[in-house]
Amino acid sequence: MPENFIKAIRTDEIALGGMKPVQLDGNEIVICNCGGNYYAVQQRCGHMNAPLDKGTLDGIYLTCAMHCAQFDVSNGEALSGPVPADFGKEIPPPMIGQYLQNIGMLMKHIHTKSIRTYKTKVEAGWVYIML
């Protein structure tokens, strides 16, 4: 069966270490330039569906801007769940403390799932993605 790749973006549209969101055939995708290697992953976080293109890319590690869940863009593996809020030694006011406790009880049932990856190839200065 032949592999069907779709022309997505020019390679010069993403700086080294950069990301670019694209939509291809109804799929929200983020293309990542990791040292000249291009990876494509689903745009939405495997934790709470936040847009991953708003996060940061360090090598092949993508960190979600919303709760700091981390993913390996080379294979989509969820490397860590969200980072809990740290108030240090400060004690929040009673109403806020109760609110945070309730949110914590709700959030403990939300897990971080790995994200979908898409096969990529580069030809003649273009990044192609297989859907």
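State which stretch of the chain is the longest one without any exposed GluC sites (Glu not before Pro), exposure meaning a DSSP loop state and at most 12 other Cβ atoms within 10 Å. Could the numbers behind the result be given before it?
Values: sites that count: GLU3, GLU90.
It works out to 4-89.
Considering only GLY18, GLY97, GLY76, give the residue with the highest GNM mean-square fluctuation for the chain, with springs between Cα atoms whenever their separation is below 10 Å.
GLY97
State the answer as a single residue: which of PRO21, ALA50, GLY125 lies farthest towards the positive end of the charge dipole of the chain, with beta carbon charges of +1 for Lys and Arg and -1 for Asp and Glu, about the Cα centre.
Looking along the dipole axis, the top candidate is ALA50.
Could you size up the charge dipole of the chain around its Cα centre, putting +1 on the beta carbon of Lys and Arg and -1 on that of Asp and Glu, and report it in debye to the nearest 20? Before the final figure, lay out the partial values.
On the way: 11 positive and 12 negative charges, 44 e Å.
In debye, rounded to 20, the chain gives about 200.
For a footprinting-style exposure proxy, rank CYS34, CYS68 by other Cβ within 10 Å, fewest first.
Starting with the residue having the fewest Cβ neighbours, the order is CYS68, CYS34.
Across the chain, how many lysine pairs, 8 or more apart or on two chains, come within less than 21 Å at their alpha-carbon atoms?
7
What FRET efficiency would be calculated for the residue pair LYS7, LYS113, taking the C-beta separation as r and a Förster radius of 30 Å, to the nearest 0.05?
On the way: r = 29 Å, r/R0 = 0.97.
E between LYS7 and LYS113, to the nearest 0.05, is 0.55.
Classify region 3-62: rounded, prolate or oblate, from the alpha-carbon gyration tensor (a ≥ b ≥ c, eigenvalue square roots; a/c under 1.5 rounded; otherwise prolate if a/b is larger than b/c)? Write down the numbers at each step before the final one.
Values: a/c = 1.88, a/b = 1.05, b/c = 1.79.
Oblate, because a/c is 1.5 or more while a/b does not exceed b/c.
Given charges of +1 on the Cβ of Lys and Arg and -1 on the Cβ of Asp and Glu, with all other atoms neutral, how large is the dipole of region 69-127 about its Cα centre, in debye to the nearest 20? Walk me through the numbers on the way to the answer.
On the way: 6 positive and 5 negative charges, 43 e Å.
The dipole of region 69-127 has a size of about 200 debye.
Using Cα atoms only, what is the angle between the long axis of helix 94-107 and the major principal axis of the chain, expressed in degrees (0 to 90) to the nearest 10?
40 degrees
Go ahead and run the numbers for FRET between MET105 and ALA65, Cβ-Cβ distance against an R0 of 22 Å, rounding to 0.05. Display every interim value, and only then the final one.
Values: r = 24 Å, r/R0 = 1.11.
After rounding to 0.05, the efficiency reads 0.35.
Hey, got a sec? Which trypsin sites (Lys or Arg not before Pro) in region 60-131 land in a DSSP loop and have at most 11 other Cβ atoms within 10 Å?
LYS89, LYS108
At most 16 other Cβ atoms within 10 Å and a DSSP loop assignment: could you name the chymotrypsin sites (Phe, Trp or Tyr not before Pro) in region 43-131 that fit? Intermediate results must be reported in sequence, preceding the final value.
Details: sites: TYR61, PHE71, PHE87, TYR99, TYR118, TRP126, TYR128; in loops: PHE87.
Answer in residue order: PHE87.
Every read-out reported here was derived from the displayed coordinates using simple, explicitly stated rules and does not represent laboratory data. Computed from a predicted model, the values in this text were never measured in an experiment. Glycine also receives a Cβ, built like all others from the backbone with ideal geometry; neighbour counts cover every protein chain displayed.
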